[in-house]
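The values are calculated or read from the model by the stated rules, or taken from the named source; none is laboratory data. Computed from a prediction, not measured in an experiment: that's the story for all the values here. So basically every Cβ, Gly included, is an ideal-geometry build from the backbone, and we count neighbours across all protein chains shown.
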Amino acid sequence: MSGNERKRGLEGPPPEERPTPEGRRNKQGIRIDPEVEATHEPRRTVISALVEHEPGVLSDVSGLFSRRQFNIESLTVGPTEDEALARITLVVEEPDPGIEQIKKQLRKLIPVISVQELEPDAMRRELALIKVTADRPDQVAAVADMYDAKTVDSSPKTATFEVTGSRQKIEAAIDTFGQFGIREISRTGTTALARGTDETAGPTPADASVPSADEANQFTETADDD
């Protein structure tokens, strides 16, 4: 082979004419297969985790989501009927592979005792404090009655109401109160329990093992967060 042939390299079109793979890239620069991405539409679901009630548990859980870049809508934590345990309630919006990864990665944490994705008919409640301008007190009171809102504070210029219910009810109340001018809003995030005798966070299934490195890498390449 002559020196000129060695310098030419492989035959083919110049770089600017070469085909470019379709699909967006995630934050790590890994291309996401558009067919795989289109197959798994994100859905909103509630995951309940029973954990040991000890310092650092919430930090471990929130750190997991930060590292994995999962799309978490809300996270609440509080004590249970057992003083040694606490319940973490997560509202997530991810494709099915992402939801499965969340559950598997949660079960990997040592303080986590059990993890359960709740059924769509589970009891879900949220509390919101809504402070509005009270220039039209009669109309403000009428809207409060419409949403069974409880008055928790009142002054000549503002009124603050407590609204409890589903996410849809909270958002509807906020939208309706908006006509008076909303000063501030504080929302707790969703908490939930399973209906009837079903356990909200029951025993971890035996087959719910932690994914292997290959499985984790495959998910990272095909179902990254928005």
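Name the residues in region 148-183 that are among the hydroxyl-bearing types (Ser, Thr, Tyr) and over 26 Å from the mean Cα position of the chain (by Cα), would you?
Thr151, Ser154, Ser155, Thr158, Thr160
Does Lys104 count as in the same structural domain as Val61 (by TED's automatic domain parsing), under 26 Å from the mean Cα position of the chain (by Cα) and among the basic types (Lys, Arg)?
Working: in the same structural domain as Val61 (by TED's automatic domain parsing): yes; under 26 Å from the mean Cα position of the chain (by Cα): yes; among the basic types (Lys, Arg): yes.
In short, yes.
Which of (1) over 30 Å from Phe177 (Cβ atoms); (2) in contact (Cβ under 8 Å) with a residue 12 or more places away in the chain is the odd one out, the single condition Thr76 does not satisfy?
That leaves (1) as the condition not met.
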